[in-house]
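Input: a single structure, listed below in structure tokens.
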Amino acid sequence: MRIGAILLGLMLLAQSSAALAEPGARESTPEQVTFGVGSVLGTLVYAPLKATFCILGGLAAAVTTIASPPTAGRLVGTTCRGTWVITPDTLRGKAPVQFVGDMQDADAAVARH
């Protein structure tokens, strides 16, 4: 039951992302559906991998906090930031997949704290 609800939510998210695409793009309905379904299936495979990477980064940061809190913050930032959802634009090649978060964003977050 939960998986069905998650799939439905991801499909709605993918469809709303497709609707927000640039107005000049002329894709047929089957193409839009294909990219929407592909983004849902891609996210179902990618998100657990990204979550595992983030959790492992958090565990490593917990150990690192003792020796160097700023390094721990950067570690969490790089493992937990980045792309979490595969969108139709990602499949079209218009948006990159950033598995590892940007170091500059991580350094800025550490500087704020």
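Structure data summary
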read-out	value
Near-label residues of the range 66-80 by backbone N, under 19 Å of a point 7 Å along Cα→Cβ of Gln98	73-80
At R0 = 35 Å, FRET efficiency that the Cβ-Cβ distance of Phe53 and Thr29 yields, to 0.05	0.50
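Readers should treat all values here as calculations from the given coordinates under stated rules, not as data from a laboratory. The structure displayed is predicted, hence computed values, not measured ones. Counting neighbours? That spans all protein chains shown, and the Cβs are built from the backbone with ideal geometry, glycine included.
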